[in-house]
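Colleague: Encoded as C-alpha cells, here's the structure I'll be asking about.
The values are calculated or read from the model by the stated rules, or taken from the named source; none is laboratory data. All figures in this text were calculated on a predicted structure; none of them were measured in a lab. Quick reminder, even Gly has a Cβ in these numbers, built from the backbone with ideal geometry, and neighbours come from all protein chains shown.
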Amino acid sequence: MRLSTKGRFAVTAMIDVGLRENTGPVSLADIAVRHQISLSYLEQVFSRLRQCGLVESTRGPGGGYSLARGAENISVADIVGAVEGRRGADDAPANARQPAAAAAMTAELWATLSAQMTAHMQSISLRSLISEQRAKGVQIESRPARRGVYVKPSAEPVRTKAPNSVFALGGTLLAGR
C-alpha cells in the first residue's frame, strides 16, 4: 500500500468529519480552513471517499459531508486505499527504478512490508483515532453560522428636524420672529 500526502490529508479530514459527526454535515471549506488544505485538493479526496462509500454528501445551504457508516467500521486502510487506489502486494515503491533482476531480489521484502503495513492500518479504526483526539482535549466549536441568504438587519429611518427645502427653511426663519 502506498502512503502519500493525499492519504495523510484524507485521514486528517476523516477524523475532522468524525469529530463533528453529531453536528451534521461538515463543509469542505471549514475543513480546508481548519487544516490549511487546499479546497480543490479536498474536493478530489472527498470525491474518491464518496465513490468508495466512506462518506456521503448533502447538498445545499448547511450541506457538506458526513460518515456513510459508523467510525468503528472504517479503518485507516479503507481511507488510504480509497484515495491512493489499491495496489498489488508485490508492487515495489514507485521511485524504485531497478533492473528486473534487482527488483526480483527485493520483491519479497516489499511484498512482506506492504502486507504488514496494510494489516496494521486495518487494525486502526477511525473511531480509535477520534477517541484519541477527544482524549487530547481537541475542542469542537459550536455549529458555525448558517451560510446562505444574508438578511440585512432593518434600520430605523433617520428622522431629522431640519428643513428639507428652501421654503421650509424660510418658514422656520420667519416663524422665529
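Colleague: Do we find a residue being outside any helix (DSSP H, G or I), of a type in the set (S, T, Y) and free of Cβ contacts under 8 Å to residues at least 12 places away in the same chain anywhere in the range 28-39?
Modeller: Yes, because at least one residue in the range 28-39 is outside any helix (DSSP H, G or I), of a type in the set (S, T, Y) and free of Cβ contacts under 8 Å to residues at least 12 places away in the same chain.
Colleague: Right, here's the next one. Taking the range 55-64 only, how many residues are outside any strand (DSSP E or B) and either at pLDDT 95 or above or charged (D, E, K, R) (or both)?
Modeller: Within the range 55-64, residues that are outside any strand (DSSP E or B) and either at pLDDT 95 or above or charged (D, E, K, R) (or both) number 1.
Colleague: Does the range 13-72 hold any residues that are touching a Ser or Thr at 6+ places or on another chain (Cβ under 9 Å), within 20 Å of E132 (Cα to Cα) and basic (K, R), and which are they?
Modeller: Scanning the range 13-72 gives a single hit, R20.
Colleague: If you take just the helices (runs of 4 or more DSSP H) that sit entirely in the range 65-177, which of them hold at least 2 residues that are more than 28 Å from L3 (Cβ to Cβ) and modelled with pLDDT under 90?
Modeller: Per the criteria, 166-175.
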